[in-house]
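A short reminder: the numbers here are calculations on the coordinates, not readings from a lab. Nothing here was measured: the structure is a model prediction, and the numbers come from that model. Here Cβ is always computed from backbone atoms with ideal geometry, including for glycine, and neighbour counts include all displayed protein chains.
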2 protein chains.
Amino acid sequence: MSPMNTQIQPILKIGAVAKAAGVSIDTVRFYEGRGLLPSPQRSAAGYRLYDQSTIERLNFIGRAKGLGFTLNEIVLLLDLQDKGGRKAEVKSITGAKLEQIDRKIEDLQRMRSVLGKLNGDCSGSGSVAGCPIIEALVDGDLDDCCK
Amino acid sequence: MSPMNTQIQPILKIGAVAKAAGVSIDTVRFYEGRGLLPSPQRSAAGYRLYDQSTIERLNFIGRAKGLGFTLNEIVLLLDLQDKGGRKAEVKSITGAKLEQIDRKIEDLQRMRSVLGKLNGDCSGSGSVAGCPIIEALVDGDLDDCCK
DNA sequence: ATACACCCTAGGGTCTAGACTAGAGTAAAG
DNA sequence: CTTTACTCTAGTCTAGACCCTAGGGTGTAT
């Protein structure tokens, strides 16, 4: 009757939000349990009912994951957004993540350089005897080999 | 009596091999269960008995781990060494690992560049409103922002 | 009315690489 | 002989991010 009854937001069931956000139904429920999504309204039958904002929240989560944040870190970021934190808090999270990423990149580049050298040194034909890769693993001259 | 009784290899208990290789006792038993170490001889009381070669094998495993190989991949490498595989098999494992490492480095560098840009754009003071990091996560202009 | 898609909960399983615990037996040193 | 250090098995726990199953109930279209 009155405009109060008007549902401005379309009501979506879990399958619809999951599909719209490109995640599985299990993932939506899992995120709810992990505190990334608030407990949604329920229909009379107990179905979870969502609106558009949940899809946006799921997209936020997906983007944050794409930048390397863990779900626990994303909870923090969402909290700062929800409750209005300070920019400094956000920067402290991203700054720590940047350092972590830098360390991982350095690790991987070290591995890459050692392994690339060994792989290049190995003829690739014949029996494993004399294979520089295996020999390096056996003898432990990895450090001397590429630094 | 005869030279047959002579133990050329010193007999080591699990604590000694673990210490010599710089891993925990748990790790040694765990590797045995995972097939990285053969089931060792046992003393009358059931103690695991090792010789020097186990330490070398543990060092092999440690070096391979340091190059980014998983335990499953290390089982393959050890098998090639034990049973005398071909160099081509070794190279196929290391080649795949190199590609994997390259992909991971690219991923991390992409994250690093996006996140570094956002982090630099954020003043770091004041409320979270208008924070470029949060806004990018909300709006999804991550791709446009740094490529 | 019935087929079919969708939803619910509770709980277990996956992968990686171990760490840690309990409860019991064994070895070496004083 | 007693203390201390070591070892055994079996099992549980961690983090991270879910997936899958069973055994139901619901909603809608034909």
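Nearest beta carbon of chain B to the B-to-A rotation axis, with distance in whole angstrom: B:I105, 3. Rg/Rh for segment A:62-134 stands at 1.34; both radii use Cα atoms, and Rh follows the Kirkwood definition. With K and R counted +1 and D and E -1, the other residues having a Cβ less than 14 Å from that of B:E99 yield a net charge of +1. Sorted shortest first, the separations between the B:G33 label point and its copies elsewhere in the assembly read 2.4 nm; each point sits 7 Å from Cα along the Cα-to-Cβ line. Each listed q (0.10, 0.14 Å⁻¹) maps to a log10 I(q)/I(0) for the protein assembly as shown, found by the Debye formula over equal Cα scatterers with no solvent: -0.79, -1.05.
Sorted shortest first, the separations between the B:K19 label point and its copies elsewhere in the assembly read 6.4 nm; each point sits 7 Å from Cα along the Cα-to-Cβ line.
Distances from A:G130 to itself in the other copies, using label points 7 Å out along the Cα-Cβ axis, amount to 7.0 nm in increasing order.
For B:A20 and B:S43, the difference between the fully extended length at 0.36 nm per residue and the C-alpha to C-alpha distance is 6.3 nm. Report the calculated FRET efficiency for A:F30 and B:N72 (r = Cβ-Cβ distance, R0 = 30 Å), to the nearest 0.05. So the FRET efficiency works out to roughly 0.70. Sorting B:T70, A:T54 by the number of Cβ atoms found within 10 Å of their own Cβ, with the fewest placed first, yields B:T70, A:T54. Using Cβ point charges alone (K and R +1, D and E -1), the dipole size of chain A about the Cα centre works out to roughly 960 debye.
Between B:D102 and A:V138, the simple spin-label model (points 7 angstrom out along Cα→Cβ) gives 2.9 nm.
From helices alone, chain A scores -20500 deg cm²/dmol at 222 nm; the rule is -39500 (n - 2.57) for each run of n ≥ 4 DSSP H residues, then divide by the residue total. Averaging over all projection directions, the Cα-based convex hull of segment B:96-144 occupies 4.0 nm² in the image plane.
With 21 Å as the limit on Cα-Cα distance, the pairs of A:K19/A:K97; A:K91/B:K117; A:K117/B:K91; A:K19/A:K65; A:K97/A:K117 that go past it are A:K19/A:K97; A:K97/A:K117.
Among the chymotrypsin sites (Phe, Trp or Tyr not before Pro) in segment A:19-93, those placed in a DSSP loop whose Cβ has at most 14 other Cβ atoms within 10 Å are A:Y47. Take each residue in B:107-118, count the other chain C-beta atoms within 10 Å of its C-beta, and the mean is 5.
A simple charge model with +1 on the Cβ of Lys and Arg, -1 on the Cβ of Asp and Glu and nothing else charged puts the dipole of segment A:75-139 at about 380 debye relative to its Cα centre. Along the charge dipole of chain B, which of B:I134, B:Q109, B:N119 sits closest to the positive end, that is, farthest toward it, with unit charges on the beta carbon of Lys, Arg, Asp and Glu (+1, +1, -1, -1)? Sorting the options by dipole projection puts first B:Q109. The reciprocal of the average 1/r between distinct C-alpha atoms defines the Kirkwood hydrodynamic radius, which for segment A:1-140 equals 19.4 Å. Charge dipole of the protein assembly as shown (Cα centre as origin; +1 on each Lys and Arg Cβ, -1 on each Asp and Glu Cβ, all else neutral): 580 debye, rounded to the nearest 20. With respect to chain A, whose longest principal axis is taken over its alpha-carbon atoms, helix A:25-34 is tilted by about 90°.
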